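Notes to accompany the following structure.
Where a number appears in this text, it was derived from the coordinates with a stated rule and is not lab data. Computed from a prediction, not measured in an experiment: that's the story for all the values here. Positions of Cβ are backbone-derived with ideal geometry, glycine not excepted, and every protein chain shown enters the neighbour counts.
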Amino acid sequence: MSEALVAVEAAGAGTSAPAAPGARQFWRRLRAQRAALVAAAVVALLVLVALAAPLLTALEGQDPTTYHPSLIDSARGGVPIGSFGGFSADHWLGVEPQTGRDMFARLVYGAQVSLGVALAATVVQVALGVAVGVASALGNRWVDQLLSRATDIIVAMPLMIMSLALLAIVPSSFPRPVLVTLVIGLIAWGNIAKIVRAQALSLKGLDYVSAARLSGWGAWRVARRELLPGLAAPVITYAALLVPTNISVEAALSFLGVGVKPPTPSWGQMLTDADVWYQAAPQYLLLPAGALFVTVLALTVLGDGVRTALDPRAASRLRVGTGRKDAGARDFGAKGSSAKGSGAEGSGPTTKEASA
């Protein structure tokens, strides 16, 4: 998270923040990055699978909670019967050890929980961070000091320890996906608040914002009409980088046993149950771990691509560097050709003199 914070602050450094590019320019820059396009396709596929989980499981004819005791070998401690964890036409990815629940159904429904919690927590973090950051930048000195110190306290809180403490004392009757979303969102908004405050302070000193304030506009109108459009690029960039972080946090909390509880499927919760089966049934560990790895990697690459596409100076730096390289190559080629030409001209008289 600290690397993302440095990257966003570096993109927004300077006395005046560059305007966010238009939609066409943004898509043109994003299409120029093949890795970002592949990552976007992977993320879109994962979201589609999560949304279509009921349809996909109905097509398979299974559900994520039904036990199939006839598909496990009780004499061997509950290992699935058959090769590759019980792969078959009825169970596309096999079944869980000891329970016999369908792995494909639990994976696709687990995508709903993991992606849904991460996206909802990101929305909460962005909403709180933008509100606190803009209020701190537009408020007077006392308001700025109060909100800044509160933000420092939030940033200093260890996310995992606070989440473990809060999730352990909340009654189990409270819906766990909603609780995990609120805990992550209410604890981890400090960094984005700092980014928004720094960017809003730089925008606050620009002429058009000063003119709007001197004309009698209220703080809310100034923020809505003048500041928020200029804050779109850094906020979207940091939000794109927050999603994979929140997926990892949700998986870690579920792995530690304080996140999503069974029978609700979650990739982290599946990993918790798989730690004793990695030798007897390795697919039970590899499938959710592989899904987490691909999701986090795709979202990270996509977030980096969005950052580059929203930073108008990134493309110009690439163009300048390429132009210098091409210009150097052209100069080198021109010098080489001129040297050859001069050599040929110089050898002509020498040959004639020798023949004479």
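May I ask you to work out the translational diffusion coefficient for the range 25-142 at 4 °C, viscosity 1.567 mPa s, via Stokes-Einstein with Rh from the Kirkwood sum over Cα pairs, reported in whole µm²/s?
Working: Rh = 17.8 Å.
Estimated diffusion coefficient is 73 µm²/s.
Among 112-123, 95-106, how do they line up from the highest to the lowest mean number of other beta-carbon atoms within 10 Å?
Ranked by mean Cβ neighbours within 10 Å, highest first: 95-106, 112-123.
Using only the Cα atoms of the range 2-319, what are the Rg and Dmax in Å?
23.0, 81
How much FRET efficiency would the formula 1/(1 + (r/R0)^6) give for Asp144 and Ala168, where r is the Cβ-Cβ distance and R0 is 30 Å, rounded to 0.05?
Values: r = 35 Å, r/R0 = 1.18.
The computed FRET efficiency comes out at 0.25.
Based on the Cβ-Cβ distance of Met157 and Asp275, what FRET efficiency does E = 1/(1 + (r/R0)^6) give at R0 = 45 Å, to the nearest 0.05? Before the final figure, lay out each step's value.
On the way: r = 28 Å, r/R0 = 0.63.
Efficiency at R0 = 45 Å is approximately 0.95.
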